[in-house]
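The values are calculated or read from the model by the stated rules, or taken from the named source; none is laboratory data. Given the structure is predicted, the values throughout are model-derived calculations rather than measurements. Neighbour counts run over all protein chains shown; Cβ positions are idealised from the backbone, glycine included.
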Amino acid sequence: MVAETQSGPPAQAAAVEALLRAGVRLLDGTSASSRLDAELLLAFTLGWTRTALFARREVTVEAAAAGRYLTALHARRGGRPVAQIIGWREFWSLEFEVTPDVLTPRPETELLVEMALRRLPAGGRVLDLGTGTGAVALAVASERPEAGILATDRSAAALAIARRNAARLGLERVRFAAGDWFAAAGDGLVDVVVSNPPYVADGELAAAGPELAFEPREALAAGPDGLDAIRHIVAAAGDHLAPGGWLLLEHGATQGEATRGLLAAAGFGHVTTSRDLAGLPRVTEGQRRTSRMHSTSTTTEERTCPIDS
């Protein structure tokens with residue numbers, strides 16, 4: 001491959017290893033994972049697995065395929081997430097369809113799944129708010145086939161993707177509903193409310209990295225301090241959690257203390273923050289006390305829940 005820009009000379013046939021080296025050179029300085037990105041993009045272009053790339057390093061790739069690979073590299077160099085280019089992302093050892101309509105699932109969010117599984121009783125019920133691709137809800141469902149799970153999102157496009165992911169993964173028992181946060185949750189009580197809400201401050205979004213420009217702003221930005229969505233969820237969660245139930249929230253690395261304060265002020269107990277694999281404060285949880293945290297005119301028995309319908 002000799003092309004240096006998208007408007008330069010056409011790509012030439014070259015060996016797999018040569019294409020990978022050229023891809024790394026093109027992405028160096030624009031991606032922290034240039035080798036991995038190059039491998040994923042070339043495997044996608046050729047319809048191979050990454051393992052096949054290693055076994056076929058000396059195989060010659062025809063010019064047409066090399067050209068498609070070059071186009072993909074330039075898209076990545078321009079900041080487009082690899083997941084959007086190839087159309088999927090692995091999360092919790094599952095493959096999820098990804099488009100510009102949803103936030104790309106990130107490795108740090110697997111901590112949210114781990115903690116939800118830890119807090120979910122056998123046969124319990126989970127409410128996933130702002131589900132996006134459905135990654136968290138479907139990951140939990142893959143581990144707990146007996147659980148009742150409802151995932152909500154206000155984006156119709158996101159819900160369509162989440163439903164396709166559920167169908168492809170054989171997890172159609174997960175229910176999806178359209179609505180802003182708790183609006184589609186009904187009046188039933190659940191054992192775990194989990195959410196990876198927007199938590200980037202409006203003024204910090206532009207500096208947060210070029211990839212974010214390709215993802216939906218409503219899934220990222222949350223007001224002047226990035227806590228608007230978290231405030232809303234914390235304020236309403238008590239009316240949807242069973243006594244002793246848990247609220248688990250992903251947040252930014254500098255937002256742990258503020259999130260703990262919001263949970264404590266709302267009457268949650270056992271409020272703690274856990275760190276992700278990078279050692280950053282990432283998920284804060286709190287437990288609903290056995291007495292009602294907010295006044296309500298209905299009893300537990302009178303409540304209905306879309307999870308059961």
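Count of the range 274-285 residues, restricted to those that are among the β-branched types (Val, Ile, Thr) and either surrounded by fewer than 18 Cβ atoms within 10 Å (Cβ to Cβ) or in a helix (DSSP H, G or I) (or both), is 0.
Would you say Arg175 is basic (Lys, Arg), in contact (Cβ under 8 Å) with a residue 12 or more places away in the chain and touching a helix residue (DSSP H, G or I) at 6+ places or on another chain (Cβ under 8 Å)? Yes: the conditions hold for Arg175.
Take the residues of the range 112-143 that are more than 20 Å from Leu241 (Cβ to Cβ) and surrounded by fewer than 18 Cβ atoms within 10 Å (Cβ to Cβ): which is farthest from the chain's Cα centre (by Cα)?
In this case the residue turns out to be Glu143.
Name the single residue, out of those in the range 195-244 being acidic (Asp, Glu) and more than 16 Å from Pro81 (Cα to Cα), that is farthest from the chain's Cα centre (by Cα).
Across the range 195-244, the extreme among qualifying residues is Asp239.
Among the residues making up the range 155-186, those that are part of a loop (DSSP other than H, G, I, E, B), of a type outside the set (Gly, Ala, Ser) and surrounded by 15 or more Cβ atoms within 10 Å (Cβ to Cβ) are Leu169, Leu171, Val174. What is the number of the single condition among (1) under 16 Å from Ala158 (Cα atoms); (2) buried (at least 18 other Cβ atoms within 10 Å of the Cβ); (3) modelled with pLDDT under 95 that Pro100 does not meet? With respect to (1) under 16 Å from Ala158 (Cα atoms); (2) buried (at least 18 other Cβ atoms within 10 Å of the Cβ); (3) modelled with pLDDT under 95, Pro100 is out only on (2). Residues that are closer than 25 Å to Arg217 by Cβ and not in a loop (DSSP other than H, G, I, E, B) do not occur anywhere in the range 2-14. Restricted to the range 190-222, and to residues there that are touching an Asp or Glu at 6+ places or on another chain (Cβ under 6 Å) and not in a strand (DSSP E or B), the residue that is surrounded by the fewest Cβ atoms within 10 Å (Cβ to Cβ) is Ala201.
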